[in-house]
Amino acid sequence: MGKVFIVCPECHQQLSFPEQPGWQNKLVECPKCRFKAKASVYRLGSQARGAHGADDSATQLVTSSQPVFDAGRLRVKNTNEVHDLRAGSNVIGRCATTGTADIKIGSDMYMSRRHVRIDVVKSARGYEHHLVEINSKNIVKLNGKPIKRGDVLILKFGDMLTLGMTDVVLESGDNESTRLV
């Protein structure tokens, strides 16, 4: 058995669930926006794994023998805003018209425009997430503890970063909380 990856047509959240016979006709509830519909209504195929311009009609299944490469996502704790990470370098900072961050989060005046970098690196087991302190003017905390200037640390899903006054959690993009109703 494999996994089926779909995208919610309302909030565009990536969802997944274990493949089972007749899954296309099962009712799916999005854990983020609570949209309910048959699985066949959701966007299917490689777009559900982050590709752009792909064929929506082709269902993407991942069998258990394949390693799952999950680049993960960041969830802002106080707003539940979600930002998908991509393979490679992801610079995180505050929203600013002059900001050049890849992922812009809120308007926290204690967060730098380029606060921290997360490098998503492919390994034999999947992706590793390397937290790189990029000498921003403001400190970075990992699970409540400040990190040192120039540190490179390996993150795991569930780790919380504090950027300025904003808490951000690294989560798996492989959302097993998707329910087949």
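Data for the structure
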{"item": "Efficiency of FRET from Cβ geometry, LYS26 and ALA124, R₀ 22 Å, rounded to 0.05", "result": "0.05"}
{"item": "Pairwise Cα inverse-distance average, inverted: Kirkwood Rh of region 129-171 (Å)", "result": "10.4 Å"}
{"item": "Listed pairs LYS36/LYS122; LYS3/LYS38; LYS104/LYS141; LYS36/LYS156 exceeding 24 Å between Cα atoms", "result": "LYS36/LYS122; LYS36/LYS156"}
{"item": "Semi-axis lengths (Å, descending) of the ellipsoid that matches the C-alpha gyration tensor of region 68-181", "result": "23, 17, 13"}
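Readers should treat all values here as calculations from the given coordinates under stated rules, not as data from a laboratory. Here the structure is a predicted model, which is why all the values come from computation and not from measurement. Glycine also receives a Cβ, built like all others from the backbone with ideal geometry; neighbour counts cover every protein chain displayed.
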